[in-house]
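Trainee: Okay, here's the structure, questions in a sec.
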Amino acid sequence: MGQKGAETRDRLLDAAQESVEAAGYFGTGLNQVITASGAPRGSLYFHFPGGKDQLVAESIRRAGRAIDDAMGGLVDSSASAAEFVDGMLRHLGDRLEESDWRKGCPVATVALETAATNDLLQEACSEVYGSWEAALRTQLAGRPDADDLAVTILALTEGALLLARAHRGRGPLDSVARQIGALLG
């Protein structure tokens, strides 16, 4: 694929990711993605022959990698697992607030809407969550409860993002950060 094709594909993924994060799977229409990306309709089906499901699955994986990258950047600047998680929650809170409370977790809405009925999207969501759990387990290495704690921290984070989005305020993220700090302390 040439540079122009890669740029078109990226624009389609950008538009899909933006829409999926704000409106979910069912609130995202292909015409909306095409319009927002400025790409020709044929490009959508050229780059994503599996249609909307393939486009959404790839946008979820891409969003997941962006969060992975942010967590990777926190590894070097964090002296402890608690500091790492606090930094992760601050990053996610900043992201949510900067989007005017539209971008919580890039995976949660699609997981809730489709995990029971769409294998491709369930697999993409599971993959991303698995990656985040692995990153948390790495930070918790040496603890006998690292596996359980990674899942607990991710679940608390997801719940805090949902509540912060619903309340349009960072309070739930701050509360969860304090409780995770105590849990890890």
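The values are calculated or read from the model by the stated rules, or taken from the named source; none is laboratory data. Note that the structure is predicted; figures quoted are calculated from it, not measured. Virtual Cβ from ideal backbone geometry, glycine too; neighbours counted across all protein chains shown.
Trainee: Give the number of residues within segment 22-31 that are in a helix (DSSP H, G or I) and either touching a helix residue (DSSP H, G or I) at 6+ places or on another chain (Cβ under 6 Å) or within 13 Å of CYS125 (Cα to Cα) (or both).
Mentor: 1
Trainee: Kindly establish whether VAL85 is crowded, with 22+ Cβ neighbours inside 10 Å, without any contact (Cβ under 8 Å) to a residue 60 or more places away in the chain and within 18 Å of ARG65 (Cα to Cα).
Mentor: Considered against the rule, which asks whether it is crowded, with 22+ Cβ neighbours inside 10 Å, without any contact (Cβ under 8 Å) to a residue 60 or more places away in the chain and within 18 Å of ARG65 (Cα to Cα), VAL85 comes out as no.
Trainee: Still on this model: Determine if segment 32-42 includes at least one residue that is over 30 Å from LEU163 (Cβ atoms), at pLDDT below 95, in a helix (DSSP H, G or I) and small (Gly, Ala, Ser).
Mentor: yes
Trainee: Got a sec? Which of ASP76, ASP69 is over 18 Å from GLU21 (Cβ atoms), charged (D, E, K, R) and either modelled with pLDDT of 95 or more or not in a loop (DSSP other than H, G, I, E, B) (or both)?
Mentor: Of ASP76, ASP69, the one residue that is over 18 Å from GLU21 (Cβ atoms), charged (D, E, K, R) and either modelled with pLDDT of 95 or more or not in a loop (DSSP other than H, G, I, E, B) (or both) is ASP76.
Trainee: Could you give me the residue pairs with C-beta distances under 9 Å whose first residue belongs to segment 115-126 and is free of Cβ contacts under 8 Å to residues at least 60 places away in the same chain, whose second residue is outside any helix (DSSP H, G or I) wherever it lies, and which are 6+ apart or on separate chains?
Mentor: Hits for this filter: GLN122/ALA115; GLN122/ALA116; SER126/ALA115.
Trainee: Sticking with this structure for a sec: When you go through LEU74, LEU161, LEU149 one by one, which is the residue that is under 18 Å from the mean Cα position of the chain (by Cα) and buried (at least 20 other Cβ atoms within 10 Å of the Cβ)?
Mentor: LEU161
Trainee: Applying the selection to segment 1-16, what residues are under 19 Å from LEU121 (Cα atoms) and in contact with a Gly (Cβ under 7 Å, 6 or more places away or on another chain)?
Mentor: Within segment 1-16, no residue meets the criteria.
Trainee: Looking at the structure I just gave you, is GLN54 out of contact with any Asp or Glu (no Cβ under 9 Å at 6 or more places or on another chain), in a helix (DSSP H, G or I), over 24 Å from SER131 (Cα atoms) and modelled with pLDDT of 95 or more?
Mentor: Against the criterion (out of contact with any Asp or Glu (no Cβ under 9 Å at 6 or more places or on another chain), in a helix (DSSP H, G or I), over 24 Å from SER131 (Cα atoms) and modelled with pLDDT of 95 or more), GLN54 does not qualify.
Trainee: Further question on the same structure: Looking only at segment 115-129, decide whether some residue is surrounded by 13 or more Cβ atoms within 10 Å (Cβ to Cβ), at pLDDT below 95, among the aliphatic types (A, V, I, L, M) and in contact with a Leu (Cβ under 9 Å, 6 or more places away or on another chain).
Mentor: Checking segment 115-129: at least one residue is surrounded by 13 or more Cβ atoms within 10 Å (Cβ to Cβ), at pLDDT below 95, among the aliphatic types (A, V, I, L, M) and in contact with a Leu (Cβ under 9 Å, 6 or more places away or on another chain).
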